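The values are calculated or read from the model by the stated rules, or taken from the named source; none is laboratory data. No experiment lies behind these values; they were computed from the predicted model shown. Cβ placement follows ideal geometry from the backbone for every residue including glycine, while neighbour counts extend to all protein chains displayed. Calculation scope for accessible area: heavy atoms of the full protein, side chains included, ligands and nucleic acids excluded. Shrake-Rupley method; radii C 1.70, N 1.55, O 1.52, S 1.80 Å.
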Amino acid sequence: MSYDLVVIGAGSGGVRAARIAAGHGAKVAIVEEFRVGGTCVIRGCVPKKLLIYGAHFAEDIEDAARFGWDIPERKFHWETLRDNVLAEVDRLEGLYRQTLANNDVDIFEARGVLKGDGKVELSTGETIEGKKILIAVGARPNMPEIEGIEHAISSNEVFHLEKLPKRVAIAGGGYIANEFAGIFNELGARVCIINRSDQILRGYDEQVRDRLLQLSLTKGIVFHFNTTFERIEKQEDGSLKLIMNGADDMVVDQLLFATGRKPNIEGLGLEDAGVEIEDGAIKVDDYSKTSADNVWAVGDVTDRIQLTPVAIREGHAFADTEFGGMDRKASHDCVPNAVFSHPPIAAVGLTESQARQKFGNEVKTYTSDFRAMKNVLADRNERSLYKLVVNPLNDKVVGIHMIGPEAPEILQAAAIAVKAGLTKAQFDDTVALHPTMAEELVLMR
Ligand code: NDP
């Protein structure tokens, strides 16, 4: 069978590219060996965010007392949350399949391997052909080589746990580690983060990271820094003994590895097809074109920015350019991002130290360190921190960094201002919306 476009991988980037290309009139096939929706929908952003909501009720129920609510019994059922979340994932997968069907995209449920000259061999034995090929196969959890690592889980398995573990160790100090530390901690588990370096969330603003660390410690999460694994042993009762370098050995019920994600470049026939690899990822140009004729790649497999909305942009720009007669590149500049920790972090643009490197030491920063009024009445000693980074040469706000309730919801709108290059004076010119947390963004002097 022959197509204008064959997409390998039905995740965020692949599905968007397939749908848009089909909308431009292309005959499109998509090849997927697992489930339609990709990491984000099936075992990433979506189920994770739902767990975050579920976990946050722990604090809400506690705080409710100060608002007059008497909730006599608090009981949490992991199975209910897990099953409802997984059912929602099934529903969303159905919607993704429906979207592809509505756009006349043929779905092949198989693994695809490039054979050169536009040919893609499927694990079902069929071979299909595409005038153009898009690789959108994503990434997978990086599981370091440690004796006994097979006893640990990754973010792939964490959504399916049979029961809620009482003691959880999480390896890594990045997005997934901090998000799941928050989830398990709120749900009542004893949680520790084990990190090889002495800092969490490398790349985020220092003050914001520090605030998360302080708040996490206050909430009872334990941190072991500069600590590595010697080996992991499974004990007779099913628990895991962690033999550590840099910390005492410990026994836990569940060990989650969240030590980054590796592009899925193996077993795809990339070499045969002349697709070059650089630093473990598919090398692409600004149009997501690989080194091979008629082969493009988008999303995590290219390891530019491993975020769903970025993959979607890349897939969309590719389809518009190649099938819609447009000239579109996905912008990787000023991409807002968030960590759905408890409380969440959100950021866009340059950190203070990045701005100093770029514009010199005259860079101006403005911070607001405050307690949200809801937390004040709840008697919850949890302070938010908002920070603006300003280019001294033209007064433009080049970065916003926030930690506090709803920070990601607030930052999405504020990111428009940073992307548009608005100045601090224009922020100040905007009247506050009172009483909100977001108003702090226009009140920093
Ligand atoms: P991150 O890159 O955020 O963090 C990886 C952590 O693991 C770092 O602390 C790193 O330490 C450590 N690490 C890396 N390699 C090793 C190793 N071999 N041994 C021990 N420690 C190691 O990765 P995550 O796994 O948390 O998330 C993967 C990606 O998924 C993120 O980069 C992000 O793009 C995406 N994601 C986004 C989310 C969001 O937008 N909210 C949520 C979840 C994931 P060091 O700092 O020393 O390198």
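For a quick check of your reading: which strands (runs of 3 or more DSSP E) sit entirely within the stretch 114-203 and have at least 3 residues that are open to solvent by less than 10 Å² (accessible area, probe 1.4 Å)?
By residue number, 127-135, 167-171, 190-194.
Which one of the conditions (1) buried (at least 22 other Cβ atoms within 10 Å of the Cβ); (2) more than 13 Å from the ligand (Cβ to nearest atom) does LYS289 fail to meet, given that it meets all the rest?
Of (1) buried (at least 22 other Cβ atoms within 10 Å of the Cβ); (2) more than 13 Å from the ligand (Cβ to nearest atom), only one is false for LYS289: (1).
Being surrounded by fewer than 24 Cβ atoms within 10 Å (Cβ to Cβ), closer than 27 Å to VAL398 by Cβ and more than 16 Å from the ligand (Cβ to nearest atom), is that true of even one residue in the stretch 303-314?
no
What pairs come up if the first residue lies in the stretch 171-191 and is free of Cβ contacts under 8 Å to residues at least 60 places away in the same chain, the second is part of a helix (DSSP H, G or I), and their beta carbons are under 7 Å apart, counting only those six or more places apart or on different chains?
Cβ pairs passing all conditions: VAL191/ALA181; VAL191/PHE184; VAL191/ASN185.
Determine which member of the set GLY25, GLY14 is touching a residue at least 24 places away in the same chain (Cβ under 8 Å), out of contact with any helix residue (DSSP H, G or I) (no Cβ under 6 Å at 6 or more places or on another chain) and outside any helix (DSSP H, G or I).
Every option except GLY25 fails the conditions.
Count, please, the residues in the stretch 201-242 that happen to be of a type in the set (Ser, Thr, Tyr) and more than 13 Å from the ligand (Cβ to nearest atom).
The qualifying residues number 3.
Is there any pair with a first residue in the stretch 329-340 that is closer than 16 Å to GLU406 by Cβ and a second that is among the aromatic types (Phe, Trp, Tyr) and open to solvent by 50 Å² or more (accessible area, probe 1.4 Å) whose Cβ atoms are under 6 Å apart and which are 6 or more apart or on different chains, and what are they?
VAL339/TYR175
Which residue is farthest from GLY349 (Cα to Cα), if the candidates are limited to the stretch 417-445 and must be assigned to a helix (DSSP H, G or I), touching a residue at least 40 places away in the same chain (Cβ under 8 Å) and out of contact with any helix residue (DSSP H, G or I) (no Cβ under 8 Å at 6 or more places or on another chain)?
This residue is GLU440.
Looking at the stretch 215-230, which of the residues that are touching a residue at least 60 places away in the same chain (Cβ under 8 Å) and farther than 14 Å from ILE149 by Cβ is most open to solvent (accessible area, probe 1.4 Å)?
THR218
Which of the residues spanning the stretch 61-78 are surrounded by fewer than 12 Cβ atoms within 10 Å (Cβ to Cβ) and assigned to a helix (DSSP H, G or I)?
Hit for the stretch 61-78 is PHE67, nothing else.
Can you tell me which residue is nearest to GLU271 (Cα to Cα) among those in the stretch 109-138 that are out of contact with any helix residue (DSSP H, G or I) (no Cβ under 7 Å at 6 or more places or on another chain) and of a type in the set (Gly, Ala, Ser)?
Within the stretch 109-138, the match that is nearest to GLU271 (Cα to Cα) is GLY116.
Out of all the residues in the stretch 276-285, is one or more closer than 26 Å to HIS151 by Cβ and modelled with pLDDT of 95 or more?
Yes.
Within the stretch 79-113, work out how many residues are touching a residue at least 40 places away in the same chain (Cβ under 8 Å), assigned to a helix (DSSP H, G or I) and within 27 Å of LEU307 (Cα to Cα).
11
Which condition number in (1) assigned to a loop (DSSP other than H, G, I, E, B); (2) of a type outside the set (Val, Ile, Thr); (3) in contact (Cβ under 8 Å) with a residue 60 or more places away in the chain; (4) surrounded by fewer than 18 Cβ atoms within 10 Å (Cβ to Cβ) is the one that GLU233 fails?
Evaluating GLU233 over (1) assigned to a loop (DSSP other than H, G, I, E, B); (2) of a type outside the set (Val, Ile, Thr); (3) in contact (Cβ under 8 Å) with a residue 60 or more places away in the chain; (4) surrounded by fewer than 18 Cβ atoms within 10 Å (Cβ to Cβ) leaves (1) as the failure.
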